[in-house]
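Written out below as structure tokens is the structure these notes cover.
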Amino acid sequence: MRDDLVEMQVLGVRRQVPLDQVVVLLLDAEGGRVLPIVVGLTEGQAIAAGQAGVVPPRPMTHDLLATVLRTLGAVLERVEIVALIDGVFHAALVLGDGRRIDSRASDAIALAVRSGSPVLCDRDVLDESGLEVQETASEEEEVEEFRAFLDTVSADDFVAKDEGEQGSGP
């Protein structure tokens, strides 16, 4: 793995009721930071369904793409969140043979959860947009604290003072 990439864990998807926004949360377990990415409702549902292992009776778009990749013998080696440009996260699908495919971050994450592929984030993007998670005395307390965070967080918490919205697009 390149030194400028940080492995992230897909924590889950939350819907922020007051603003009717959907946020996917990625955790940098080593650095104790969370990266919130605002995504569309459909993309958020696709990520949550993939995480839950839900198999629809007919393939949805992300399921179809995962099947096409497998059928063609391509392996999704990893997903990289590579940039934040004008409030929109950009990603790349990295195939086993080294080919890279430009992607929306939400689509890349939806494919990663279906294939079990790691999600990595450019360190500069994480430094710019990641939020510190407080450390607690025990893992159980940490989980409870993070759940409380997820219950109270809103999209307004992710607005930069001088840049406007961060991560405001899929």
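The values are calculated or read from the model by the stated rules, or taken from the named source; none is laboratory data. Just so it is clear, the structure is predicted and the values come from calculations on it, not from any experiment. FYI the Cβ positions are ideal-geometry reconstructions off the backbone, even for glycines, and counts take in every protein chain you see.
Just checking, does region 46-54 include any residue being surrounded by 19 or more Cβ atoms within 10 Å (Cβ to Cβ) and farther than 13 Å from Ala108 by Cβ?
Initial filter on region 46-54 (surrounded by 19 or more Cβ atoms within 10 Å (Cβ to Cβ)): 46-50.
Restricting the remaining residues to those that are farther than 13 Å from Ala108 by Cβ gives 48-49.
Scanning region 46-54 turns up at least one residue that is surrounded by 19 or more Cβ atoms within 10 Å (Cβ to Cβ) and farther than 13 Å from Ala108 by Cβ.
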Selection status of Leu95, at pLDDT 95 or above and within 13 Å of the chain's Cα centre (by Cα): no
Among (1) buried (at least 19 other Cβ atoms within 10 Å of the Cβ); (2) under 20 Å from Val82 (Cβ atoms); (3) acidic (Asp, Glu); (4) over 15 Å from the mean Cα position of the chain (by Cα), the one test that Glu30 misses: (1)
Qualifying position, being more than 14 Å from the chain's Cα centre (by Cα), small (Gly, Ala, Ser) and closer than 23 Å to Glu7 by Cα, among Ala74, Ala46: Ala74
Inter-residue pairs, beta-carbon under 8 Å, first in contact (Cβ under 8 Å) with a residue 40 or more places away in the chain and in region 49-66, second of a type in the set (Ser, Thr, Tyr), 6+ apart: Ala66/Ser115
Out of Ile81, Ile47, sole residue that is modelled with pLDDT of 95 or more, closer than 20 Å to Arg14 by Cα and not in a loop (DSSP other than H, G, I, E, B): Ile81
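Could you list, in sequence order, all residues of region 110-161 that are closer than 24 Å to Ala49 by Cα, hydrophobic (A, V, I, L, M, F, W, C) and at pLDDT below 70?
Within region 110-161, Val153, Ala155 meet the criteria.
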Residues located in region 87-104, provided they are in a strand (DSSP E or B) and of a type in the set (D, E, K, R): Arg100, Asp102, Arg104
Among (1) of a type in the set (A, V, I, L, M, F, W, C); (2) surrounded by 15 or more Cβ atoms within 10 Å (Cβ to Cβ); (3) touching an Asp or Glu at 6+ places or on another chain (Cβ under 8 Å) - the single one Leu19 does not satisfy: (2)
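Residues checked against (1) surrounded by fewer than 16 Cβ atoms within 10 Å (Cβ to Cβ); (2) out of contact with any Cys (no Cβ under 6 Å at 6 or more places or on another chain); (3) of a type in the set (A, V, I, L, M); (4) within 18 Å of Leu26 (Cα to Cα):
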{"position": "Leu65", "(1), (2), (3), (4)": "no, yes, yes, no"}
{"position": "Gly73", "(1), (2), (3), (4)": "yes, yes, no, no"}
{"position": "Arg78", "(1), (2), (3), (4)": "no, yes, no, yes"}
{"position": "Val94", "(1), (2), (3), (4)": "no, yes, yes, no"}
{"position": "Leu111", "(1), (2), (3), (4)": "no, yes, yes, yes"}
{"position": "Ser117", "(1), (2), (3), (4)": "no, yes, no, yes"}
{"position": "Cys121", "(1), (2), (3), (4)": "no, yes, no, yes"}
{"position": "Asp127", "(1), (2), (3), (4)": "yes, yes, no, yes"}
{"position": "Glu132", "(1), (2), (3), (4)": "yes, yes, no, yes"}
